[in-house]
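The structure appears below as structure tokens.
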Amino acid sequence: MANILFLAISLLILGDVAFLHASFPPSLIEDIAKIVMDNYCSPEKLVGMKEDIAAATNNTEVLNIPDGELLANILTSGVQTTVSDPRLQVSYEPNYVPVVRPELPPLPPEQLAAVLQTSIKLDVLDGNIGYLRIDHILGEEVAEKVGPLLVDLVWNKILPTSALIFDLRYTGSGDLSGIPYIVSYFTQAEPVIHIDSIYDRPSNTTTKLLSMSTLLGERYSINKPLFILTSKNTNGIAEDVAFCLKNLKRATVVGEKTAGGSVKVDKLKVGNTDFYITLPTAKSINPITGLTWELTGVTPDVEVDAEDALATAIAIINLRAQVPAIIEESASLIANNYAFESVGADVAEKLRDLLAKGEFSTINDKDGLETKLSADLQTLSGDKSLKTTSNTPALPPVDYSPEMYIELIKISFHSDVFENNTGYLRFDMFGDFEEVKPIAQIIVEHVWNKVLNTDAMIIDLRNNVGGPTTAIAGFCSYFFDGDKQILLDKLYDRPSGTTTELLTLSELTGVRYGSKKSLIILTSKVTAGAAEEFVYIMKKQGRAMIIGETTAGASHPPKVFPVGESNIFLSIPTVHSDASAGPTWEGVGVKPHIPAAAEAALEVAKGILNKHLEGQQ
């Protein structure tokens, strides 16, 4: 603080302001500091202040300032900087009259009712949503006097509502003793809850604020949603109420960060002068978090401009009202359509359990619901393909010219011939059979024929993320002879209850590679879906050596299902490979014959084939 005072003195001298005689007592600075030392709510922040006091006491030039208000401003700057707290304020008020809290006049019931109705705003909004605005938090004494009337005129109208919006955007005053009253109406009677701790510096005591087991009127059901609206003007006791209910996870706070005021502020006279210092003499410490809202304010769960807070709260309430039906419909879709029936039934049951436990009770928007639902489905099933998704309509078919198809194929496929006449073929996604069929001849001419006459081939699927499985049988057929049909796999479709056999095709576009030449397939943990089905078949048939990493363990291409009328969509795998002989690749991936890091797999394959082919020469 001394440094700030010296700075102020220097500025005054530089401004050619001359003060020849002290206008205020030389003990003023020391008296202010002593009040702060004895009364400020956070004594741990006053370490080193005694040294500042001693330095400031020996340098009283600042007290030569004849203008009390100017001096008060300078002293305010000094004490705020020293304590790092803008709530401390020094004022000069020769005519100050202490504020006396007005007593509630002994009004007849009808007049008292009129007074209460002007200070409290009550409404029942569409959807049976209660709205309650209180701009001053009543204390225990007043609450006892007007309690029965409040219950009759206000509270009993709120109780039947399905949800409540408690508007504290304009609440800047209140009484500390009112906190347990308000919080208790939104908590259970038993057990009693420790809701706040108030440390009082002058008495050096800490008071525990506990919920009340007995109240006038009924409590608002803990199963009903409670929303608190806040603004930058929400101050003091109202902040404490919001902070308590937020940390008890009883309320969702919507609006702006609050003022960061004080639970208790006192204005104390400095000695026999006309100077006063206003400072926080008590502080709130939340028993759940160990933190306080003072100075920092209460951060909303959903931060929006104050004027948008009411509409936002209503939107969240309406969304949460839909959540049970959305979860139930999701559970039914999964139970009835997921490829593996027992897994689908288990996921559906556990999803319903999460709903019953309130896991979806804090959803604030549709994106949050979709994110949580996806995460829960993937955790419960272990299937990364079971999730929420968008319902993006398919793009209309594009009428490419032959030249454009050729350029597109060159981008989509990479083919090469390495030493010892080893073919190399890479593509990163499988296409749909009906889409590929019209351009099959172009693919054969510009891709397949380049590797057809090699002595061995490497198929690189390390970056292949899947796609439709409709072309799998056809692609597999190129690596088997055409003299007999081979059963590659059986695919079970859960919604229809039908099984489809994947068989090699007797007729193909172009020439087969055949079953005699060496074939290596490269994989990585990225290799997924249809690519895994191809790898699985080729490994099961003993037709290829697999080198690289275990594949992703994804699923057959999922189908998209709308979840009722919610505009939420689920991606649900509905098909699985033949698991009669044991697990296939879904959920576990395909293990390579020769494990290798993805980036090293190609060189490993080249080395094996070079050694094999050179040995045949």
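Just give me the residues in region 291-305 being among the β-branched types (Val, Ile, Thr), within 16 Å of GLY260 (Cα to Cα) and open to solvent by 30 Å² or more (accessible area, probe 1.4 Å), in sequence order. Result: THR292, THR296, THR299.
In the set (1) open to solvent by 10 Å² or more (accessible area, probe 1.4 Å); (2) closer than 29 Å to PRO98 by Cβ; (3) touching a strand residue (DSSP E or B) at 6+ places or on another chain (Cβ under 9 Å); (4) of a type outside the set (S, T, N, Q), ASP308 fails one condition alone, (2). For ILE222, the conditions (1) out of contact with any Phe, Trp or Tyr (no Cβ under 8 Å at 6 or more places or on another chain); (2) open to solvent by 10 Å² or more (accessible area, probe 1.4 Å); (3) within 25 Å of PRO300 (Cβ to Cβ); (4) of a type in the set (A, V, I, L, M) all hold with the exception of (1).
Entry remark, region 579-617: residues being touching a strand residue (DSSP E or B) at 6+ places or on another chain (Cβ under 9 Å), open to solvent by 50 Å² or more (accessible area, probe 1.4 Å) and in a loop (DSSP other than H, G, I, E, B) number 3 in total. Among the residues of region 232-248, the ones that are part of a helix (DSSP H, G or I), open to solvent by 10 Å² or more (accessible area, probe 1.4 Å) and of a type in the set (D, E, K, R) come to 1 in all. The residues in region 548-573 that are surrounded by 23 or more Cβ atoms within 10 Å (Cβ to Cβ) and not in a loop (DSSP other than H, G, I, E, B) can be counted, and the count is 3. Taking the stated definitions as given, is GLU445 within 44 Å of the chain's Cα centre (by Cα), of a type outside the set (Val, Ile, Thr), modelled with pLDDT under 90 and open to solvent by 30 Å² or more (accessible area, probe 1.4 Å)? Considered against the rule, which asks whether it is within 44 Å of the chain's Cα centre (by Cα), of a type outside the set (Val, Ile, Thr), modelled with pLDDT under 90 and open to solvent by 30 Å² or more (accessible area, probe 1.4 Å), GLU445 comes out as no. Inspect region 345-354 for any residue being crowded, with 18+ Cβ neighbours inside 10 Å, under 20 Å from the mean Cα position of the chain (by Cα) and under 26 Å from ILE165 (Cβ atoms) and give the result as yes or no. Checking region 345-354: not a single residue is crowded, with 18+ Cβ neighbours inside 10 Å, under 20 Å from the mean Cα position of the chain (by Cα) and under 26 Å from ILE165 (Cβ atoms). For region 68-102, the set of residues classified as more than 14 Å from TYR276 (Cα to Cα), hydrophobic (A, V, I, L, M, F, W, C) and exposed (fewer than 14 other Cβ atoms within 10 Å of the Cβ) consists of VAL100 only. Taken together, the criteria place LEU279 among residues that are within 18 Å of TYR40 (Cβ to Cβ), in contact (Cβ under 8 Å) with a residue 40 or more places away in the chain and in a strand (DSSP E or B).
Checked against (1) at negative phi; (2) crowded, with 24+ Cβ neighbours inside 10 Å; (3) modelled with pLDDT of 95 or more; (4) not aromatic (Phe, Trp, Tyr), LYS257 meets all criteria but (2). Taking region 530-577 as the range and being small (Gly, Ala, Ser) and within 12 Å of ASP383 (Cβ to Cβ) as the test, the residues that pass are ALA552, GLY553, ALA554, SER555, SER571.
A search for C-beta distances below 9 Å between a residue of region 121-132 that is more than 11 Å from SER162 (Cβ to Cβ) and open to solvent by 60 Å² or more (accessible area, probe 1.4 Å) and any residue that is at pLDDT below 95 and among the hydrophobic types (A, V, I, L, M, F, W, C), counting only pairs 6+ apart in sequence or on different chains, returns LYS121/ILE134. Of the residues examined, SER496 is one that is under 39 Å from the mean Cα position of the chain (by Cα) and not aliphatic (A, V, I, L, M).
So is ALA313 within 12 Å of GLY255 (Cα to Cα), crowded, with 18+ Cβ neighbours inside 10 Å and among the small types (Gly, Ala, Ser) or not? Criteria met by ALA313.
Residue count for region 161-186, restricted to those that are closer than 15 Å to MET212 by Cβ, assigned to a loop (DSSP other than H, G, I, E, B) and either open to solvent by less than 10 Å² (accessible area, probe 1.4 Å) or among the small types (Gly, Ala, Ser) (or both): 1. Figure legend. Inter-residue proximity from region 581-603: first residues at pLDDT below 95 and among the hydrophobic types (A, V, I, L, M, F, W, C), second residues open to solvent by 90 Å² or more (accessible area, probe 1.4 Å) and not in a loop (DSSP other than H, G, I, E, B), beta-carbon distance below 8 Å, spacing 6+ or different chains. No pairs are indicated.
Considering only region 503-523, I want to know if a residue exists there that is touching a residue at least 40 places away in the same chain (Cβ under 8 Å) and closer than 30 Å to ILE334 by Cβ. Yes, that holds for at least one residue.
The values are calculated or read from the model by the stated rules, or taken from the named source; none is laboratory data. Since the structure is predicted, the reported quantities are computational estimates derived from the model, not experimental observations. When we count neighbours, we look across all protein chains shown, and the Cβ atoms used for this are built from the backbone with ideal geometry, even at glycine. Note: areas computed on protein heavy atoms with side chains; ligands, DNA, RNA excluded. Shrake-Rupley method; radii C 1.70, N 1.55, O 1.52, S 1.80 Å.
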